[in-house]
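Read through the structure below, which is laid out as structure tokens, and then see the notes.
The values are calculated or read from the model by the stated rules, or taken from the named source; none is laboratory data. Nothing here was measured: the structure is a model prediction, and the numbers come from that model. Here Cβ is always computed from backbone atoms with ideal geometry, including for glycine, and neighbour counts include all displayed protein chains. When the accessible area is computed, the model is the full protein with side chains, heavy atoms only, and any ligands, DNA or RNA have been set aside. Shrake-Rupley method; radii C 1.70, N 1.55, O 1.52, S 1.80 Å.
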Amino acid sequence: MTSDARRLKRWGKFPGVLGGLLFLIISGVVAYAQSDREFIVVGHFSASQPGTTFPDGWKPQIFPKINRYTVYNLAHDSEQDRVVVQAVSEAGASGIIKEVKIDPRDYPIVQWEWKVSNVLRKGDVSKKEGDDYPARIYIAFEYESSRVGLLDKAKYEAVRLWSGQYPPLAAINYIWESKAPVGTMVPNPYAPNEVVMFVIRTGEEHLNSWMAEQRNVYEDYKIAFGQEPPMISGVAIMTDTDNTGESATAYFGDITFRKKL
């Protein structure tokens, strides 16, 4: 991997403050009014048709210097008779992303389902060369100038002037790992101060089975970063194998934020 590609893997494979932008979407943020609604469906993939374009502002994210991309499609899952996202990665990396604006105090619970066909033999959550996973869910948080020092403020301003928007302040990364125990929390090896990863599933025990997940994003952020979270600014899914040079196939169901249960 080139040095440029390594720099672009800050934010856990998404471009970071020094390497670029996590969410390079200039078309605008999808803002959700904080109301009496019990839930917000951010990824309503099941309402789509197989083979069509992604719904609700979901867009591809590719990385300069990484020439092999993960292929994402809307596909029919016969097991559950619904449309899901299918991700196939062969020694490559890319994601699909959506900018949002959600208050984690009002909607702290994120729920999703995923299924993987294999884990990565060389995957290792503690090493840069092992920073590949068959499935990831990203939650990014909005930049707030009061939370950073003068040097970082200058970096964020430089990115804003270049792109027209600020990059995220931090991100939580929920991953399906190869070896690390479920419950492991570890800084991303490429961005230890900005991205914290939570191992939600690990190993081969649940291969080819749909697994339903639920996390309290509000509490996870406080555990990871030791402070109250800012607004949620984006959600992304990713299957990546560019570091290990392996292959992986994963499936993602709808992604929903809910009020505290």
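For segment 166-179, taking the residues that are open to solvent by less than 30 Å² (accessible area, probe 1.4 Å) and over 13 Å from Asp132 (Cα atoms), the one that is modelled with the lowest pLDDT is identified as Pro167. Within the option set Asn67, Asn73, being within 14 Å of Ala250 (Cβ to Cβ) and open to solvent by 40 Å² or more (accessible area, probe 1.4 Å) holds for one residue only, Asn73. Restricted to segment 63-122, and to residues there that are of a type in the set (Phe, Trp, Tyr) and part of a strand (DSSP E or B), the residue that is farthest from Tyr221 (Cα to Cα) is Tyr72. When Leu21 is tested against (1) more than 15 Å from Ile237 (Cα to Cα); (2) at pLDDT 90 or above; (3) open to solvent by less than 10 Å² (accessible area, probe 1.4 Å), only condition (2) is not met.
The set of residues from segment 180-200 being assigned to a loop (DSSP other than H, G, I, E, B) and either modelled with pLDDT of 95 or more or touching a His at 6+ places or on another chain (Cβ under 7 Å) (or both) comprises Ala180, Pro181, Val182, Gly183, Thr184. Taken as a whole, segment 243-256 holds at least one residue that is crowded, with 23+ Cβ neighbours inside 10 Å, of a type outside the set (Lys, Arg) and outside any strand (DSSP E or B).
Checked against the criterion of being modelled with pLDDT under 95 and either buried (at least 21 other Cβ atoms within 10 Å of the Cβ) or over 17 Å from Trp58 (Cα atoms) (or both), the candidates Glu113, Glu99, Glu90 yield just one match: Glu99. Filtering segment 199-242 to residues that are aliphatic (A, V, I, L, M) and either within 23 Å of Phe54 (Cα to Cα) or open to solvent by less than 30 Å² (accessible area, probe 1.4 Å) (or both) leaves Val199, Ile200, Met211, Ala212, Val217, Ala224, Ile232, Val235, Ala236, Ile237, Met238.
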